[in-house]
Structure formats: structure tokens, C-alpha cells
Amino acid sequence: MPRNPAPSFLAVLLLALFAACGKAPPASEAAVDVHDGDVCAVCGMYLRGSPGPRAQAWVAGQGKPQVFDSIRDFFAWVLQPEHQANVESLYVQNSALIDWQHPTGAANSFIDARRAYYVAWQPLPGSMGATLAPFATRADAEAFVAREGGAVLTFAQVTSDLVANLDDHCPTAAPACHAPPAGAAHAQGDDPMSAAMAHDHTPMP
């Protein structure tokens, strides 16, 4: 009586399925400290002296993350199609945990960029002008909007066009955007734009 071939056939089928699936995705990389001497992957500037939250992006096959001196530069880089296929973990600094004018680079100030809430069209400048303010919770983001103005967006709602045309005040085409309250005091100083321009933000030689 012939042997039942089913077990052998099943084993071959399972091996084929595993081969088709390929390797499992790599484990997510944790956020790391960033330093004044790190260089922004977009603008080529040192982080030293730049105001506003920083960001970092882990790329497949690289031993350390790409670093960004502003959230605007971070999105300008991440949203490029050639980068989207290779990025793994993405982190932004929680604006609720930093001094906007003098942010530290501590790893524990970074949060998962894909789960963060972003305030666009807000008046506090990043290293290169208008930027977005990330927060870990919607409640913190909405409190910031009530104080400074802007609109709360999710990661998926930040587009290349929005980033390319980002300004520091509400566009007329954004009905959910709120102008800063009259006479509102800024969270990190009375004149953040002037303070930002006064910082030493040295380009890489």
C-alpha cells in the first residue's frame, strides 16, 4: 500500500510560502540623542543654535538615523518617494517637552512621528522659518492652538504641497485653522522670530 504523500507535500508548500514572504521586517530602532554637531540631512546646517523641535529617521541598512533641525525639513525629506520605501522608524520631538528656543537633543524627548499630532500654520519659527509643532496628544496640540493659533493635523494629513507652501499664519483655504488670539504671549518668548534670527546657526563647512 503506497505511503500517504500528504505530509511531504504540506512541508514543501509551507517552505514555498515562507520563501515567498521574504524576510521579516527589521525591528524598529529606538530614538537616540541628537547633538549640536549633528548636521541636518536637508539643509546641511548644524543643529547648534537652531530653535524648534528636531526629528530623526532610521533608514534600512544604516547604523544611525538621519537627523533634521526642523519638522518642516523632516517632512520635506520623508515625503520624497525615494525615501518612503526605505524609512523604518520616524521620530519627532514633543513640543510639550522642550524649550522651543533652546531645545535639547535628549532621546526621551522624541515621540513616534506617525502617531504624533502636528500644529501647522503656527507662528513659532524653526531653523529655516515656518515649521510644524508636534505633540504626543491631541489635547496638547489643541491647547497650543488655543494659545498660538494654527490647526491640528495627523501625520497622514501632512502633504508635500502643504510643506512646500507652509507659512506662519492661517491660509484662507484652511477653515479649521485658528489665528493667534489678539495679544497672546508666545510660549517661549515675546518675539520668537527675532530670537530665532539671533541664534548662531552655522552651515557645515
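Read the figures in this text as sums done on the coordinates, not as results from a lab. Because the structure is predicted, anything quoted here is derived from the model rather than measured. Backbone-built Cβ (ideal geometry, glycine too); neighbour counts: all protein chains shown.
Alpha carbon centre of the stretch 48-93 versus the stretch 99-162: separation in Å?
Each part reduced to its Cα centre gives a spacing of 14 Å.
For residue 68, what charge total do you get from the other residues with a beta carbon under 11 Å from its beta carbon, if Lys and Arg give +1 and Asp and Glu give -1?
Net local charge, residue 68 excluded: -1.
Want the number for residue 108 to residue 39: 0.36 nm per residue separation, take away the alpha-carbon distance, what's left?
22.9 nm
By the gyration tensor of its Cα atoms, with a ≥ b ≥ c the square roots of the eigenvalues, what is the shape of the stretch 90-130: rounded for a/c under 1.5, prolate for a/b over b/c, or oblate?
oblate
Between residue 86 and residue 139, 0.36 nm times their residue separation minus their Cα-Cα distance comes to what?
Using 0.36 nm per residue and subtracting the Cα-Cα distance, I get 15.9 nm.
Can you compute the FRET efficiency between residue 161 and residue 115 using 1/(1 + (r/R0)^6), with r the Cβ-Cβ distance and R0 = 22 Å? Round to the nearest 0.05.
About 0.45, to the nearest 0.05.
Let's see if you can work this out: charge +1 on each Lys and Arg Cβ, -1 on each Asp and Glu Cβ, no other charges. What is the dipole magnitude of the stretch 29-197 about its Cα centre, in debye to the nearest 20?
In debye, rounded to 20, the stretch 29-197 gives about 220.
Amide H to amide H, which residues 5 or more places from residue 89 or on other chains are under 5 Å from it, using H placed in the peptide plane?
29, 58
Which of the peptides 43-51, 72-80, 128-136, 154-162 is most tightly packed, and how do the rest follow, going by the mean number of other Cβ atoms within 10 Å of each residue?
Taking the mean over residues of other Cβ atoms within 10 Å, the ranking is 128-136, 72-80, 43-51, 154-162.
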